[in-house]
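This report concerns only the one structure given below.
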2 protein chains.
Amino acid sequence: MFNLISLKNSLANVEGFFCDGVNVGMRTDNPDQGDVAFIRSDIACDVSAVFTSNKFQAAPLQHYQRYPKDFQTDFILINAKNANAMTGERGIDDINTIFKTLAKKRSVLNPIMSSTGVIGYPLSIEKITSAFEKFDFDAKHADKTAKSIMTTDSFQKELCFKVELENSSSFTIAAICKGAGMINPAMATMLCFIITDANIPKSDMDELLTKSVNQSFNTISVDGDTSTNDSVIMMANRQSQAYDKEAFEVALNRLTKELSQLILRDGEGSNKVVAFEVKGAQSLADAKQASAALSNSLLVKTALFGEDPNWGRIASTIGASGIACDADKLIIKYDNLLIYSKEFPVLDEERESKANVIMKKESFSISCDLGLGDFSFTSYGCDLSYEYVKINADYRT
Amino acid sequence: MFNLISLKNSLANVEGFFCDGVNVGMRTDNPDQGDVAFIRSDIACDVSAVFTSNKFQAAPLQHYQRYPKDFQTDFILINAKNANAMTGERGIDDINTIFKTLAKKRSVLNPIMSSTGVIGYPLSIEKITSAFEKFDFDAKHADKTAKSIMTTDSFQKELCFKVELENSSSFTIAAICKGAGMINPAMATMLCFIITDANIPKSDMDELLTKSVNQSFNTISVDGDTSTNDSVIMMANRQSQAYDKEAFEVALNRLTKELSQLILRDGEGSNKVVAFEVKGAQSLADAKQASAALSNSLLVKTALFGEDPNWGRIASTIGASGIACDADKLIIKYDNLLIYSKEFPVLDEERESKANVIMKKESFSISCDLGLGDFSFTSYGCDLSYEYVKINADYRT
């Protein structure tokens, strides 16, 4: 038995961690919102990370992976507005230059960098290092930190759980994340920083983080399309003596699941979140492939925006997804409403009007039972609006 | 040696073929435009077809495939506004009922049906058979026929070539097609009907049609996503004694290539056509996969609409496409302008302003040289505009 208690002010609750975010002039539209942030610990931390599967990993990801396996760190530096991606060896040199400047200011252990923004431009070393004069290194400014890492996000994303164990010991886990480019979820960079004071072994960190990302961020990252910078990084400083693997896993999974849903909710220009559940598949791969195809289909997404219960687009997308399927066995439901089966192929007026009500909801499920096997998978998607096109046509300039 | 002569009035030029299109009340927004059409031959024709790879093939496609292999036909009936897809056995029964009514009016050999429109509703047999009272079966109304098969198309698509051979004999090949849902090209149904009076052997018909579709319609059908109804059907009545395999292949390929480019040009709400050329790939599969990923990427498509020379989205999409690639070897060009290479990663002002000029063109190429091998493939795509979202959010209602 254990209790999860949700706490406000996210990162500030975790013992031994400090954070701040400042504006150094890269985010010009709102000088009150930061563009560079740090998260640091008084004590050396073990660190685990899950990075993008994009072959062109950005410089900060390459920089991280040049540290020895199982290295420890006590400092992450994060910037918005520039991804430091496709910048070659220079991009890595720039990170080293930045950290040399930091080292003159204070001693840090194997510092990590994380970046999000436009691809293909060198970092402004001068602007980023100017943050070192502005940071309050002993602050716990969770709010400023969460705001500093935003790009097209319309709201900040942060969560914290205090986990109380049976023996009345407790630990804390907190995270901030950013991401909103939700049409093709992972293409707009998703960053997530998780910190904990739990007394978690490094092997558990690696195992649980990977599992947790697969059941959260990777269910909205539907087709392997990922940005050059996507990163989930977890630091543990073990300032609390408490740890319980099961409790930690539950807390971590809830944290990542809720944050991933917040990202989807903040989908650029999107108005609704839809769970695409594919069940009755012959294999897990089939279920994943079909649900990813649904959450990625432009015709499905525009039908969601138009609130048109056009199940033909659902069926056609399933049929085109390359998986084993049979029109005679397919059953489509919106929430619990039967939309299509061989026996009831035509949407009568009563069901159509019920479907219209469901489609006006902020979130609902579209379930496709293939009737062929026991495997299922759920991907999450959102609608495609005029606003999405506007945001992405105008972004950068 | 042979000459290709482009003729106006498409289908009307092919000896022994007749066609007409009429409005029977399914297309209510414009009663002057037909919604049912036929193409027929006085003489029995050999017929070849390439159908969608969608697992849920619509009733007309199933109906066709129930004829014996190498059957002959002299009649195609085509309707817009209703795809007769996901209608089960009833959909096929309805086609048989329609053709029984036709048989009372005139004798036809193994008639074929082809449909496009909304999925999941039964055909109106009464409306469609009412066309048999309105058709002029001896007409050569190519224009009306081409217009009758349109759905979201903004213009009709038809072409005809007269092929003059060295011995001064000649044959004619003509086609009409429809299709405009170009974001995910084949999802909005693509239909193409090709007729010829050439004295072509059936084995050449099958071979050349498949090859021709692969180098035309399948280069805009980028990711295997296909509608339930996509069909390319070719009929040959051999009313001309003339035939030359090489000349026929050239004429057929030009016909399908130009028609597929017209479909792309008519992309729903699209303003420009872009050739995504991937070369230097380790395998043909890699080249196809990367170029399809580019032409399908929402972030690329919105950048095209915004006329933003954001090559980062190009690089990121290549990196995420799952193929072998190396940032140090990648070279990106817009037309002949170098946009990215390891040596010139940053777009200076001069090149950026040149890139801006290229991106304002109605058509241009984006070429990615992977520098890893000898394989190349070109897919064609278009931009994503507000208008696309509007068309697809509102379609059906």
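The values are calculated or read from the model by the stated rules, or taken from the named source; none is laboratory data. Just so we're clear, the structure is a prediction, and the values are computed from it rather than from any experiment. Every residue, glycine as well, gets a Cβ built from its backbone with ideal geometry; the counts of neighbours run over all protein chains shown. For the accessible areas, the whole protein counts, side chains as well, though only heavy atoms, and no ligand, DNA or RNA atoms are used. Shrake-Rupley method; radii C 1.70, N 1.55, O 1.52, S 1.80 Å.
Of note:
- Count of the range B:328-338 residues which are within 9 Å of another protein chain (Cβ to nearest Cβ) and buried (at least 17 other Cβ atoms within 10 Å of the Cβ): 1
- Subset of the range A:86-118 that is closer than 22 Å to residue A:146 by Cα and modelled with pLDDT under 95 - its residue that is farthest from the other protein chains (Cβ to nearest Cβ): A:116
- Taking each residue of the range A:344-355 that is within 12 Å of residue A:334 (Cα to Cα) and looking for partners that are in a helix (DSSP H, G or I) and open to solvent by 50 Å² or more (accessible area, probe 1.4 Å) with beta-carbon atoms closer than 9 Å, six or more apart or interchain, yields nothing.
- Of all residues in the range A:362-377, exactly one satisfies the criterion of being aliphatic (A, V, I, L, M) and either without any contact (Cβ under 8 Å) to a residue 40 or more places away in the chain or farther than 17 Å from residue A:283 by Cα (or both), namely A:366.
- Given (1) hydroxyl-bearing (Ser, Thr, Tyr); (2) open to solvent by 20 Å² or more (accessible area, probe 1.4 Å); (3) farther than 19 Å from residue B:383 by Cβ, index of the condition residue B:363 fails: (3)
- Candidate set from the range A:301-310 (those that are crowded, with 24+ Cβ neighbours inside 10 Å and without any contact (Cβ under 8 Å) to a residue 40 or more places away in the chain); member that is farthest from the other protein chains (Cβ to nearest Cβ): A:303
For (1) in contact with a strand residue (DSSP E or B) (Cβ under 6 Å, 6 or more places away or on another chain); (2) at positive phi, each residue gets a yes or a no:
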| site | (1), (2) |
| --- | --- |
| A:291 | yes, no |
| A:299 | no, no |
| A:302 | no, no |
| A:307 | no, yes |
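- Conditions (1) modelled with pLDDT under 95; (2) touching a Cys at 6+ places or on another chain (Cβ under 8 Å); number of the one not met by residue A:73: (1)
Condition check ((1) away from chain A (no Cβ under 14 Å); (2) among the charged types (D, E, K, R); (3) within 28 Å of residue B:75 (Cα to Cα)) across all residues:
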residue: B:247; (1), (2), (3): yes, no, yes
residue: B:254; (1), (2), (3): yes, yes, yes
residue: B:258; (1), (2), (3): yes, yes, yes
residue: B:262; (1), (2), (3): yes, no, yes
residue: B:272; (1), (2), (3): no, yes, no
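- Just one residue in the set A:81, A:147 is within 14 Å of chain B (Cβ to nearest Cβ), within 26 Å of the chain's Cα centre (by Cα), among the basic types (Lys, Arg) and closer than 19 Å to residue A:23 by Cβ; that residue is A:81.
- The range A:32-58, subset closer than 24 Å to residue A:133 by Cα and among the hydrophobic types (A, V, I, L, M, F, W, C), residue nearest to the other protein chains (Cβ to nearest Cβ): A:36
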